[in-house]
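Worksheet: one structure, shown below.
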Amino acid sequence: MVALLVFLMNVNMIWTLYARQVVSKEEYKSRKEYRTDHTVEIKFFGTLQSLDVKSRGKISVTDDDGDIKAISPGGYLRIRKTTFGNKKEILIESDQQGNLTKLYYDNRNELPFEPEGRRWLRDILLDVIRSTGIAVEDRVNRIYKNEGVNGVFEEIEELSSSTTKGLYFGHLLDRNGLTGSEIGRIAREISYEISSSSQQGDIYRKYSHKFLASNESADEYFRGVSKISSSSEQGYTLRSVLEKGQLTAQMKARLLEATESISSSSEIGSVLRSFTDRFDEDQVVVSAYFDALDHISSSSEKGSVLRDLLNSHDLSEDVMDHLFRSVAHISSSSEQGAVLRVAIKQIDGKERAYHEFFESVSRISSSSEIGSVLRDILEEATLRDKYLMELFDVVDRISSSSERGAVLRRVIPHLSGQPNAIGRFLKSVSKISSSTEMGSVLRDVVREGDTTNQLLIGVLETSESISSSSERVEVMLTVAEVMGDDNQPVLDVYKDVAKSIESTSGYRTVMERVF
């Protein structure tokens, strides 16, 4: 009988040791958490055990984290753990004077707190503290006082959740007297220690005023924000910074560099549009702005940002250079055109900007879009000399005869008083492949332009490029209407060109008009 009892006791001891080993190795697989300003309720669930912690009020623990030394009046702490069906519970309540009552339960049976309750509390309290964040303010202050920020960082490494880590970082940042170096290190550690994007974003937004108190800490702050994995959290955080206080040029550049790490085009665009009011022409800021812009893969988003910038600022030629280079990276012809049409308002009087503008137009792949942009600038600006020459270079790249003709018709009012431009205009007309379109443009310039001998002679000579005899005849008849009977220089050229008409009836028609 004695041997049997010894055997059973040994079996029970072995089972107990096995159970403890299994439980100690198991991690809780899920948790539910509810927090307000005054209460905390967290439940942890695992296959073999569960833990339920509730608290109200401010809690302080002993320096060895083994006991509760104070709870604010009316507060409490309840810890309940179930393992293999065995339930243990500690309830510590504070009366209105702050006096503590400590109760211990084992399977719903109240037992004396001393010594088993105190022993169980000591065994479990540090894990509860690290899992839930209770007594966080008390512990952060104590650890910082004794070990500085490094001590707090080491403790944060032991914590089990992003939420709890966020509480520790928050209370550390709430302290007064932190140096810029310490605040910068906190910004860096947040990005390393907290895995939750939303939790990172919450802390970076709430304490941005501290992180941005110096360039030193701001650099680390923006590096941290750039490591947030969620594009929406990154964008939200950077926009919140822009809504707050003043930023140095260095801070603006760092913010824009952080924007480059966002993978979503719409989020990058949203940040850059928010940045518009903070845009300035500091060289570092400008470079960082357009570097961030070029990380936008969406043509519509990039175009939207550039139009917003153009509508909000009178940009210098240096900034316009950056803008036109960015337009070249837009894959959509319609978006390129939409930006360039807005840019027209900004290039007047800026010689280099005119050149870059026409270079940008020439890179548009769509003939209709090139034509649309060129017609707009001809409508809104008076082009003289070399600007008009650059426009003709772009016109020559339009493959569509109707688009080329439409632009050249819009050029006609700009030819007045510009003899050099007339020859270049007619050269562009001569490259129109459609006889009908070429003839139409030549007739229009005769009817609407200054009918100088230079123009009339040039039109007649250009008409020889028309392959259609009937179209050539119509052009010559139009010239005949305006050249006058005694204009011998024009008449001589008229007769020479008439000889090139292969149609006998056509030749007779043009000659009868002048005799």
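Counting the residues of segment 396-441 that are buried (at least 22 other Cβ atoms within 10 Å of the Cβ) and part of a loop (DSSP other than H, G, I, E, B) gives 2.
Screening segment 447-457 for residues that are in contact with a helix residue (DSSP H, G or I) (Cβ under 6 Å, 6 or more places away or on another chain) and either outside any helix (DSSP H, G or I) or closer than 21 Å to residue 509 by Cα (or both) and picking the one that is most open to solvent (accessible area, probe 1.4 Å) gives 451.
Here the condition is being open to solvent by less than 10 Å² (accessible area, probe 1.4 Å) and either modelled with pLDDT under 95 or among the hydroxyl-bearing types (Ser, Thr, Tyr) (or both); of 207, 221, 236, 192, it holds for 221 alone.
Annotation note: of 348, 376, the sole residue that is out of contact with any Pro (no Cβ under 6 Å at 6 or more places or on another chain), of a type in the set (D, E, K, R) and either farther than 23 Å from residue 281 by Cα or not in a loop (DSSP other than H, G, I, E, B) (or both) is 376.
Based on this model, can you work out whether residue 444 counts as open to solvent by 10 Å² or more (accessible area, probe 1.4 Å), within 24 Å of residue 503 (Cβ to Cβ) and at pLDDT 95 or above? Spelling it out, residue 444 is indeed open to solvent by 10 Å² or more (accessible area, probe 1.4 Å), within 24 Å of residue 503 (Cβ to Cβ) and at pLDDT 95 or above. Checking 380, 351 one by one, the residue that is at pLDDT below 95, under 26 Å from residue 448 (Cβ atoms) and open to solvent by 70 Å² or more (accessible area, probe 1.4 Å) is 380 and no other.
Restricting segment 470-515 to residues that are basic (Lys, Arg), modelled with pLDDT of 90 or more and touching a helix residue (DSSP H, G or I) at 6+ places or on another chain (Cβ under 9 Å) leaves a set whose member that is surrounded by the most Cβ atoms within 10 Å (Cβ to Cβ) is 472. Of all positions in segment 244-264, at least one carries a residue that is crowded, with 18+ Cβ neighbours inside 10 Å and modelled with pLDDT under 95.
Does segment 168-177 contain at least one residue that is open to solvent by 20 Å² or more (accessible area, probe 1.4 Å) and at positive phi? Checked segment 168-177: at least one residue is open to solvent by 20 Å² or more (accessible area, probe 1.4 Å) and at positive phi. Taking each residue of segment 198-225 that is touching a residue at least 24 places away in the same chain (Cβ under 8 Å) and under 18 Å from residue 259 (Cα atoms) and looking for partners that are of a type in the set (S, T, N, Q) and open to solvent by 40 Å² or more (accessible area, probe 1.4 Å) with beta-carbon atoms closer than 6 Å, six or more apart or interchain, yields 215/250. When residue 345 is tested against the conditions (1) within 22 Å of residue 224 (Cα to Cα); (2) open to solvent by 40 Å² or more (accessible area, probe 1.4 Å), the lone failure is (1). Here is the figure for segment 105-146: residues that are touching a strand residue (DSSP E or B) at 6+ places or on another chain (Cβ under 9 Å), hydroxyl-bearing (Ser, Thr, Tyr) and buried (at least 18 other Cβ atoms within 10 Å of the Cβ) total 2. Before we move on, is residue 463 under 22 Å from residue 403 (Cβ atoms) and either open to solvent by 70 Å² or more (accessible area, probe 1.4 Å) or acidic (Asp, Glu) (or both)? In short, no. Condition check for residue 213 on (1) in a helix (DSSP H, G or I); (2) open to solvent by 20 Å² or more (accessible area, probe 1.4 Å): one failure, at (1). Just one of the listed residues (304, 270, 300, 287) is at pLDDT 95 or above, over 28 Å from residue 351 (Cβ atoms) and either more than 15 Å from the chain's Cα centre (by Cα) or surrounded by fewer than 18 Cβ atoms within 10 Å (Cβ to Cβ) (or both), and it is 300.
The values are calculated or read from the model by the stated rules, or taken from the named source; none is laboratory data. Bear in mind that the values here come from a model prediction, so they are computed numbers and not experimental data. Note that we place each Cβ from the backbone using ideal geometry, even for glycine, and neighbour counts take in every protein chain shown. Note: accessible area is taken over every heavy atom of the protein model, side chains too, but ligands, DNA and RNA are not part of it. Shrake-Rupley method; radii C 1.70, N 1.55, O 1.52, S 1.80 Å.
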